[in-house]
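Chemist: Let me begin by handing over the structure; questions about it come next.
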């Protein structure tokens, strides 16, 4: 039998907590912001017609009847990135992303750059490769960066 992972244990405990709250007559749920547990809670709230508020990245475009997500949509974030690049007249931009969905999130920005003159250099990186990736970017004389990394790793990124 496989060993339970930390994610599975946290999901189970979160589900137990949510069910206990619903049994006690809770009228609405807030959170979680966890990418694994969030959709699960959202689904249960939809099934039970319980209002649900959250703040997490949700790439699913379908609106939910009983859920409100306060996190800005990726479409709006990409539009803001384009506006900043255009306003600051960046001609070279490096995009460094850590998670596999990072490039997916920024694909609209990459597919249609803010101007025809904008060069985009895209690199996947993790804490063990930050220094090498930043060295490559500097060698290409790119000084404008868009970083999509975990908040737990951002201090390592800045030290690289």
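The numbers here are math on the coordinates, done by the rules we state, and not lab data. Just so it is clear, the model here is predicted, and its values are computed rather than measured. Here the Cβ is made from the backbone with ideal geometry for all residues, glycine too, and neighbour counts use every protein chain on show.
Chemist: Fewest Cβ neighbours within 10 Å first, please rank 121, 97, 71 accordingly.
Modeler: 71, 121, 97
Chemist: Continuing with the same structure: Would the stretch 74-159 count as rounded, prolate or oblate if I go by the C-alpha gyration tensor, calling it rounded below 1.5 in a/c and otherwise prolate when a/b exceeds b/c, oblate otherwise?
Modeler: Oblate, since a/c reaches 1.5 and b/c is not below a/b.
Chemist: Let me ask you something else. For residue 21 and residue 80, what does the FRET efficiency come to when R0 = 35 Å and r is the distance between their Cβ atoms, rounded to the nearest 0.05?
Modeler: For residue 21 and residue 80, the calculated efficiency is 0.50.
Chemist: For the stretch 74-159, calculate the relative contact order in percent as a whole number, restricting contacts to Cα pairs under 8 Å that are 6 or more residues apart. Please report the intermediate quantities before stating the final value.
Modeler: Working: 91 pairs, mean separation 35.1, N = 86.
The value is 41 percent.
Chemist: Now for a separate question. Could you list 29, 88 in order of exposure, starting from the residue whose Cβ has the fewest other Cβ atoms within 10 Å?
Modeler: 88, 29
Chemist: Still on this structure, please answer the following. Using a cut-off of under 19 Å, list every residue of the stretch 22-38 whose amide N is near the label point 7 Å from the Cα of residue 57 along the Cα-to-beta-carbon line.
Modeler: 31-38
Chemist: Follow-up question, since we're still on this one. Relative to the present Cα-Cα distance, how much length would full extension add between residue 87 and residue 138 at 0.36 nm per residue of separation? Present the calculation step by step, with values, prior to reporting the outcome.
Modeler: Numbers: separation 51, 0.36 × 51 = 18.36 nm, distance 2.25 nm.
Roughly 16.1 nm would be gained on extension.
Chemist: So what's the angle, to the nearest 10 degrees on a 0 to 90 scale, between helix 74-87 and the longest Cα principal axis of the chain?
Modeler: 20
Chemist: Fewest Cβ neighbours within 10 Å first, please rank 70, 22 accordingly.
Modeler: 70, 22
Chemist: With each label point set 7 Å from Cα along the Cα-Cβ vector, what nm distance links residue 47 and residue 28?
Modeler: Simple spin-label model gives 2.3 nm for this pair.
Chemist: Follow-up. What length, rounded to one decimal in nm, is gained on full extension from residue 111 through to residue 71, with 0.36 nm per residue of separation minus their alpha-carbon distance?
Modeler: Working: separation 40, 0.36 × 40 = 14.40 nm, distance 2.31 nm.
Extra length available between residue 111 and residue 71 comes to 12.1 nm.
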